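Written below as structure tokens is the structure these notes are about.
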Amino acid sequence: MFGKQGFTGFEVHPVLARWKRKTSPKMPEIPPLWELIPIGWGGVAPEQSGIHRLPPPAEAPDALRYSEYTDPSKLMDESQWDGSDFFIFWPMPTYIHVTDRVACFIREHHMKTAVLERVDKLTRNERITPGYTPGPLTWYLPEPRAREIGEPLGIYRDSRTAAEEA
């Protein structure tokens, strides 16, 4: 549906799934499932957001650590955004951001598995450790895209190297 709308900044990959335990022959087969992978780039959160890089711990000198945001309305610098409809920004790559056009489409089609929140209305979960330790960019973007974006910013690490270090 997103592709037919001409939305940009994502790829889809098939997902293999199976029932943990099939309890009845009447249970339906799992339909084909797809994972949406955002490949659009929103940039690096500016320091005005409160996020800044922290020194790594002694036991993990290559770790990427960042402080928590203090002003969610300043999390994105639109001058760094590539214009994609689906995008992530650093150091919060697990948050998938979408344009208003995508948000309207999701609402119009009653896609209940999507949670839409305005970025300036984000609230922090005080129960978890504040800040971000996102790991290598290759965990979130396909390798060529991660290298293209991450090398100039100093946040690219080959996922194999990162796995060996972990």
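Read-outs throughout are calculated quantities, based only on the coordinates presented, and are distinct from any laboratory measurement. Keep in mind that what you see is a predicted model, and the values were worked out from it rather than measured. Every residue, glycine among them, receives a Cβ derived from its backbone with ideal geometry; neighbour counts consider all protein chains shown.
Charged neighbours of ASP77, selected by a Cβ distance under 15 Å, balance to -4 (K, R count +1; D, E count -1).
Modelled this way, with points 7 Å down the Cα-to-C-beta line, the labels at TYR95 and LYS26 are 4.5 nm from one another. The distance from the alpha carbon centre of segment 1-52 to that of segment 107-121 is 14 Å, rounded to a whole number. Here's the picture: a label point sits 7 Å out from the Cα of GLU148 along the beta-carbon direction, and within segment 1-25 the residues with their amide nitrogen under 14 Å of it are 8-11.
The value of relative contact order for the chain, using C-alpha pairs under 8 Å at least six residues apart, is 21 percent. State the label only: which of (i) 55, 38, 35; (ii) 44, 34, 30; (iii) 75, 28, 27 corresponds to Cα extents along the principal axes in Å computed from the shown model? Evaluating Cα extents along the principal axes in Å on these atoms matches (i). Which stretch or stretches of segment 130-152 have amide N atoms under 14 Å from the point lying 7 Å from ALA63's Cα along the Cα→Cβ direction? Inside the label zone: 130-136.
Here the chain is scanned for trypsin sites (Lys or Arg not before Pro) in DSSP loops (not H, G, I, E, B) that have at most 12 other Cβ atoms within 10 Å, and the longest stretch holding none of them is 27-111. Charge dipole of the chain (Cα centre as origin; +1 on each Lys and Arg Cβ, -1 on each Asp and Glu Cβ, all else neutral): 1000 debye, rounded to the nearest 20.
Between amide H atoms placed 1.01 Å from N, distances below 5 Å from PHE89 occur with GLY42, all of them 5 or more places distant or on a separate chain.
Which residues in segment 77-93 have a backbone N closer than 20 Å to a point placed 7 Å from the Cα of LYS4 along the Cα-to-Cβ line? Label zone hits: 85-86. If you plug the beta carbon distance of ARG107 and THR70 into 1/(1 + (r/R0)^6) with R0 = 22 Å, you get a FRET efficiency near 0.15.
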